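The values are calculated or read from the model by the stated rules, or taken from the named source; none is laboratory data. All of these numbers come straight from a predicted model, not from anything done at the bench. Glycine gets a Cβ as well: all are built from the backbone with ideal geometry, and neighbour counts include every protein chain shown. Side chains are part of the model used for accessible areas, which takes the heavy atoms of the whole protein and leaves out ligands, DNA and RNA. Shrake-Rupley method; radii C 1.70, N 1.55, O 1.52, S 1.80 Å.
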Amino acid sequence: MNKYNFDELIDRSGNSIKWDVAENELPMWVADMDFKTSPAIIEALNQRVKHGLYGYCDINDEWYDAYINWWDRRYDFKMEKEWLIFSTGIVPAISSIVRKITTPAEKVLIQTPVYNIFFNSILNNGRVPLQSQLVLKDNRYEIDFEQLEKDLSDPQTSLMILCNPQNPGGNIWDKDTLAKIGSLCKKYGVKVLSDEAHCDLTLPDYKYIPFLSVSDECREVGIACYSPSKTFNVAGIHSAAVAVVEPVLRHKVWRGLNTDEVAEPNVFAVPMAVAAYNEGEEWLEELRVYLAENRQIVTKFVEKELPELKVIKGEATYLLWIDCTALKNGGKNIAAFIRKETGLYLSKGIQYGEGGEGFLRMNLACPKARIYDGLERLKEGIKKYQAQENDI
């Protein structure tokens with residue numbers, strides 16, 4: 001019998017970006033979950049509130065130990081305390097690192113289709129996104145290493161942002177793949193910023209591989225970003241960590257984060273992370289099973305009821321990447337059409353860069369009742385889309 005109730009339907013209207021929608025709309029887009037976080041986190045925050053004093057805070061040894069022990073215990077990766085730097089979030093850290101490690105008009109390589117906010121961190125800071133497109137083969141994404149090496153060899157390419165695990169494709173990159181990326185980046189003088197936000201959210205029989213754990217070359221060129229935000233549904237508390245092994249690179253990153261004023265915790269950031277990593281593991285294990293069930297429900301439904309669509313194979317994240325390119329017009333504008341006709345709000349694939357047109361991203365991190373509701377709306381929307389007489 002399950003200890004935690006992930007089937008509970010909770011009204012999030014009025015305090016959630018995700019649920020800032022019309023009355024009849026069902027949001028399955030932005031990457032946050034419709035589940036209450038671990039009770040251990042709630043208790044830790046309640047205790048912090050009861051303290052009654054909310055002045056300036058700093059990082060303590062408990063915070064460092066929580067990260068170090070979690071990655072050691074779950075991923076057999078032993079980090080050192082001095083590698084870790086607090087940040088108010090992975091995205092603020094990425095933007096800060098882009099500013100500090102690159103110069104204006106230089107290229108930042110990303111492997112599209114990929115997390116759309118990477119584009120913001122690059123473009124808003126006057127850098128150029130270099131889209132090194134992933135290859136879809138047998139319903140799964142692969143890296144075209146010949147193209148990747150060509151893109152990394154460009155003298156204007158100074159940073160690569162790696163999504164590990166990959167969002168939206170769900171890939172867990174294997175050790176050989178990560179080692180090859182590290183080797184190529186060292187060869188061409190490119191630093192690697194590995195966004196590992198979804199690292200804990202793998203299928204139950206799978207584990208991700210930390211980029212910094214793979215090789216000396218990866219540690220020499222690598223910067224990794226971690227956070228309990230996605231894992232424990234606590235993104236609004238703004239708490240993350242950046243890990244850098246190489247001392248000179250670490251100093252640059254530390255200096256950038258502090259200059260940008262994104263290296264100081266709010267009063268809840270530290271106790272939340274400590275409770276999550278020290279006491280949230282049982283909750284997470286049940287969550288992973290529940291998310292795997294949701295993934296299976298959607299995959300089987302699509303195979304049976306919507307055979308013209310394809311669910312991309314992946315082992316990580318609670319996001320499902322759905323190929324609609326076999327539909328009329330290659331699935332162009334499919335997300336907007338479905339939302340208008342059925343109220344189902346999915347993420348449009350085109351915003352994830354080259355190779356994303358005609359795809360949908362569906363958030364599976366919700367109670368099963370909403371999964372079933374979303375699937376019926378998806379079916380209705382696809383049928384209406386296909387029935388349109390004119391081009392859309």
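Could you give the distance between the Cα centres of the stretch 231-292 and the stretch 18-47, to the whole Å? One Cα centre to the other: 18 Å.
When ILE350, ILE371 are compared by accessible surface with a 1.4 Å probe, the order from highest to lowest is ILE350, ILE371. Among the protein heavy atoms of the stretch 50-186, carbon and sulfur supply 47% of the accessible surface, probe 1.4 Å, non-protein parts ignored.
Return the calculated 222 nm mean residue ellipticity for the chain, to the nearest 500 deg cm²/dmol, obtained by summing -39500 (n - 2.57) across DSSP H runs with n ≥ 4 and dividing by the residue count.
Values: 13 runs with 156 residues, N = 392.
That calculation yields -12500 deg cm²/dmol at 222 nm.
Extension gain, LYS150 to VAL21: 0.36 nm times the residue separation minus the Cα-Cα distance gives 42.1 nm. Between rounded, prolate and oblate, where does the chain land on the alpha carbon gyration tensor, with a ≥ b ≥ c its root eigenvalues, rounded for a/c under 1.5, else prolate if a/b exceeds b/c? It comes out oblate by the Cα gyration axes.
Determine the gain in length on full extension of the stretch ASN266-LYS384; use 0.36 nm per residue of separation and subtract their C-alpha separation, reporting nm with one decimal. My answer for the length gained is 37.7 nm. Shape annotation for the stretch 89-163: C-alpha extents along the principal axes are 38, 28, 14 Å, from largest to smallest.
Under the rule a/c < 1.5 gives rounded, and otherwise a/b versus b/c splits prolate from oblate, where does the stretch 153-217 land using the Cα gyration tensor?
prolate
Each label point was placed 7 Å from the Cα along the Cα-to-Cβ direction; for LEU9 and ASP373 their separation is 0.5 nm.
In the context of the full set of protein chains, the stretch 205-345 has a per residue accessible area of 39 Å² (1.4 Å probe). Residue ranges 46-58, 213-225, 17-29 sort as 213-225, 17-29, 46-58 when ordered by packing (mean number of other C-beta atoms within 10 Å per residue, highest first).
For the chain, with only Lys/Arg (+1) and Asp/Glu (-1) charged at the beta-carbon, what is the dipole magnitude about the Cα centre, in debye rounded to 20?
600 debye
Projecting the Cα atoms of ALA66, VAL298, ALA269 onto the charge dipole of the chain (Cβ charges, centred on the Cα centre) puts VAL298 farthest toward the positive pole. Beta bridges assigned by DSSP with both partners in the chain are antiparallel in approximately 50 percent of cases. Under a model in which nothing but the beta-carbon of Lys, Arg (+1) and Asp, Glu (-1) is charged, the stretch 194-345 shows a dipole of about 720 debye around its Cα centre.
Listed here are the pairs LYS150/LYS252; LYS150/LYS313; LYS340/LYS379; LYS230/LYS332; LYS175/LYS300; LYS3/LYS36; which of them are more than 21 Å apart at the Cα?
Correct reply: LYS150/LYS252; LYS150/LYS313; LYS230/LYS332; LYS175/LYS300.
Evaluate E = 1/(1 + (r/R0)^6) for LYS78 and LYS328, where r is the Cβ-Cβ distance and R0 equals 41 Å; express this FRET efficiency to the nearest 0.05.
Between LYS78 and LYS328 the formula returns 0.15.
At full extension, LYS340 and GLU293 could sit 14.1 nm farther apart than now, given 0.36 nm per residue minus the alpha carbon distance. These residues, PHE145, PHE86, go from largest to smallest accessible area, 1.4 Å probe, as PHE145, PHE86.
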